[in-house]
């Protein structure tokens, strides 16, 4: 009886489910009377093939043939009718002729390398990339392939040409195709671009010991560290290093964001006998010869003409190791209040006469540069400096007071933050970049050039940027200007993030052929390539150049003739 009941229930459920489905289908049929996908764009039977064009690279005004399909359905070459438009790197391109399987175009006179595509009836059909030829190309043979993090500064070896020390926020330096070395914020790049793993006995960068972190003991510390400045002292070529770091070298020399190293960037120290907390004995300890520094990381440090050290930044305290109170196991620091900018001797003593009773900045300092006569120009996002109302830029004279002539010449300053400043000492010109649209009431979209007295350079005029602003600009010794940024167009032509401008601010087509650049530059070094041609070593925080994936550094060859 139990089995019969279960069977009967199964039949009833089956019939009920059948009726329910039928009812639902009936409702759906009554509600859906049209194709739910109707209204979609019908296939047009046209397209560009992914195969490389012929030729694969071309100069402006050359003709190039792209492989395609279905062209004759949408054009009549004899009458000159083309229902579609052709683009290269987002620039409309003149169609010369077409067959059913090819399309021939004339490369625009102003163009950067980029992807080709067709637009027909609001549909886009992408094709291959066209490399636009000019006077600039990547030096593929140069060994240095960048770093695992940003490069903020770089200096050439004091006696070895084209040997460089890039400093920044990185733990790996790459060279050739698949080689790398472990470092902490500083490395040595040789003339061919290879990375040296070890260059002096007591600075063992090969196990990865540099500024702030001991990589030989991973996991021991998680201190953020970076280097942002590398400068040689003229008299003996010792090195001033600054950034955010509390140790330096394989011996983990205790420092406070600033140190002086030997001329081969090894630890520069003296030995002091300090008492031990564990017993009554004394232990010989290494402390830096430069016993000074700052509580906060400086934005920039400089060496004056009489070899004093000036630190600039959002700094509130100077600090130094008190050897009278320290133990071998722990160092005691003495602190002194300072106001944004301070001056120290080569052994780290604070100069109490420099900027005595100064108020410093209200806001944030972002960058600085040293100009003639030990003057320092400071930029950022700030409204007051030493009690004077300012607009994001000031200049201090050699004694640390405001330069009244400069302040008068800059007038109302920038109407937005200034993020970077670069100075060409041979040309005596300053280039500033930032998030401003005017400088001293005159239009200047994110870039302006100044003389070192604060007057505006009348020759250089930045063009119109679209899609974003510049984040870096520097003047080369040959009067060209290198610019990076987030812009997509410059003066109406697609230029994705990288420019080489003439002295007047006009984009020079022969130098502006690279494709997409993503990121920002911090340093550009005029140098020689692997073939001894004119080169530019680009350094910064960027991931793409000319559409290629890169790691914050690249060497480009530039033909200026």
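What are the residues in segment 350-367 that are at negative phi and surrounded by 14 or more Cβ atoms within 10 Å (Cβ to Cβ), if any? Quick ask: steps written out before the conclusion?
Residues of segment 350-367 that are at negative phi, as a first pass: 350-354, 356, 358-359, 361-362, 364-367.
Those that are at negative phi and surrounded by 14 or more Cβ atoms within 10 Å (Cβ to Cβ): 350, 351, 354, 358, 361, 362, 365, 366, 367.
Taking the condition free of Cβ contacts under 8 Å to residues at least 24 places away in the same chain and closer than 19 Å to residue 430 by Cα, does residue 485 pass? Outline the logic, then answer.
Working: free of Cβ contacts under 8 Å to residues at least 24 places away in the same chain: no; closer than 19 Å to residue 430 by Cα: yes.
Considered against the rule, which asks whether it is free of Cβ contacts under 8 Å to residues at least 24 places away in the same chain and closer than 19 Å to residue 430 by Cα, residue 485 comes out as no.
Please find, within segment 140-168, the residue that is surrounded by the most Cβ atoms within 10 Å (Cβ to Cβ) out of those that are free of Cβ contacts under 8 Å to residues at least 40 places away in the same chain and closer than 24 Å to residue 234 by Cα. Before you say what the answer is, go through the steps one by one.
Narrowing segment 140-168 to residues free of Cβ contacts under 8 Å to residues at least 40 places away in the same chain: 140, 157, 160-161, 163.
The next check asks that each one be closer than 24 Å to residue 234 by Cα; those that pass are 157, 160-161, 163.
Values: 157: 20, 160: 11, 161: 9, 163: 16.
Per the criteria, the residue is 157.
Can you tell me which residue within segment 488-501, out of those that are without any contact (Cβ under 8 Å) to a residue 60 or more places away in the chain and either touching a helix residue (DSSP H, G or I) at 6+ places or on another chain (Cβ under 9 Å) or buried (at least 24 other Cβ atoms within 10 Å of the Cβ) (or both), is nearest to residue 406 (Cα to Cα)?
501
Just the residues that are closer than 13 Å to residue 514 by Cα and under 14 Å from the mean Cα position of the chain (by Cα), please, taken from segment 484-495.
Hit for segment 484-495 is 484, nothing else.
I want to confirm something. Restricting to segment 399-422 and keeping residues that are touching a residue at least 40 places away in the same chain (Cβ under 8 Å) and surrounded by fewer than 20 Cβ atoms within 10 Å (Cβ to Cβ), which single residue is nearest to residue 457 (Cα to Cα)?
Taking the candidates together, the pick is 409.
In segment 232-243, is there at least one residue being assigned to a strand (DSSP E or B), touching a strand residue (DSSP E or B) at 6+ places or on another chain (Cβ under 9 Å) and at pLDDT below 95?
Residues of segment 232-243 that are assigned to a strand (DSSP E or B), as a first pass: 232, 239-243.
From what's left, touching a strand residue (DSSP E or B) at 6+ places or on another chain (Cβ under 9 Å): 232, 239-243.
Keeping just the survivors that are at pLDDT below 95 gives none.
So far as segment 232-243 goes, no, none of its residues is assigned to a strand (DSSP E or B), touching a strand residue (DSSP E or B) at 6+ places or on another chain (Cβ under 9 Å) and at pLDDT below 95.
Taking the criterion of being farther than 24 Å from residue 335 by Cβ, touching a strand residue (DSSP E or B) at 6+ places or on another chain (Cβ under 9 Å) and not assigned by the TED database to the domain that holds residue 368, would at least one residue in segment 284-296 satisfy it? Steps first, answer last, please.
Filtering segment 284-296 for residues farther than 24 Å from residue 335 by Cβ gives 284.
Going one step further and asking which of them are touching a strand residue (DSSP E or B) at 6+ places or on another chain (Cβ under 9 Å), we end up with 284.
Applying the additional criterion that residues be not assigned by the TED database to the domain that holds residue 368 yields 284.
Yes, the conditions are met somewhere in segment 284-296.
Using the structure shown, decide if residue 380 is in contact with a strand residue (DSSP E or B) (Cβ under 8 Å, 6 or more places away or on another chain), assigned by the TED database to the domain that holds residue 470 and either modelled with pLDDT of 95 or more or surrounded by fewer than 16 Cβ atoms within 10 Å (Cβ to Cβ) (or both).
So residue 380 fits the description; yes.
Just give me the residues in segment 84-108 being touching a strand residue (DSSP E or B) at 6+ places or on another chain (Cβ under 7 Å) and outside any strand (DSSP E or B), in sequence order. Break it down into steps so the answer makes sense when it comes.
Of all residues in segment 84-108, those touching a strand residue (DSSP E or B) at 6+ places or on another chain (Cβ under 7 Å) come to 84-98, 101-108.
Passing the criteria: 84, 89, 90, 101, 107, 108.
Can you confirm whether residue 124 is assigned by the TED database to the domain that holds residue 91, free of Cβ contacts under 8 Å to residues at least 40 places away in the same chain and part of a strand (DSSP E or B)?
On the way: assigned by the TED database to the domain that holds residue 91: yes; free of Cβ contacts under 8 Å to residues at least 40 places away in the same chain: yes; part of a strand (DSSP E or B): yes.
Answer is yes for this residue.
Cβ-Cβ below 7 Å, separation at least six or inter-chain, first residue in segment 64-79 and assigned to a loop (DSSP other than H, G, I, E, B), second surrounded by fewer than 16 Cβ atoms within 10 Å (Cβ to Cβ): which pairs?
Sorted first by the residue in segment 64-79, then by its partner, the pairs are 70/45; 70/100.
Just checking, which of 375, 363, 348 is in the same structural domain as residue 446 (by the TED database), closer than 18 Å to residue 297 by Cβ and at pLDDT 95 or above?
The conditions single out 363.
Looking at segment 64-85 only, could you name the residues that are surrounded by fewer than 12 Cβ atoms within 10 Å (Cβ to Cβ) and on the phi > 0 side of the Ramachandran plot? Let's see the steps before the verdict.
Initially, segment 64-85 is screened for residues surrounded by fewer than 12 Cβ atoms within 10 Å (Cβ to Cβ), giving 76, 78-81.
Passing the criteria: only 80.
For segment 379-398, enumerate the residues that are in contact (Cβ under 8 Å) with a residue 12 or more places away in the chain and part of a strand (DSSP E or B).
Hits for segment 379-398 are 379, 380, 381, 382, 383, 384, 385, 388, 393, 394, 395, 396.
Which residues, taken from segment 267-284, are surrounded by fewer than 16 Cβ atoms within 10 Å (Cβ to Cβ) and more than 19 Å from residue 250 (Cβ to Cβ)?
Residues of segment 267-284 that are surrounded by fewer than 16 Cβ atoms within 10 Å (Cβ to Cβ), as a first pass: 270-271, 273, 275-284.
Residues satisfying the conditions are 273, 275, 276, 277, 278, 279, 280, 281, 282.
The values are calculated or read from the model by the stated rules, or taken from the named source; none is laboratory data. No experiment lies behind these values; they were computed from the predicted model shown. Here the Cβ is made from the backbone with ideal geometry for all residues, glycine too, and neighbour counts use every protein chain on show.
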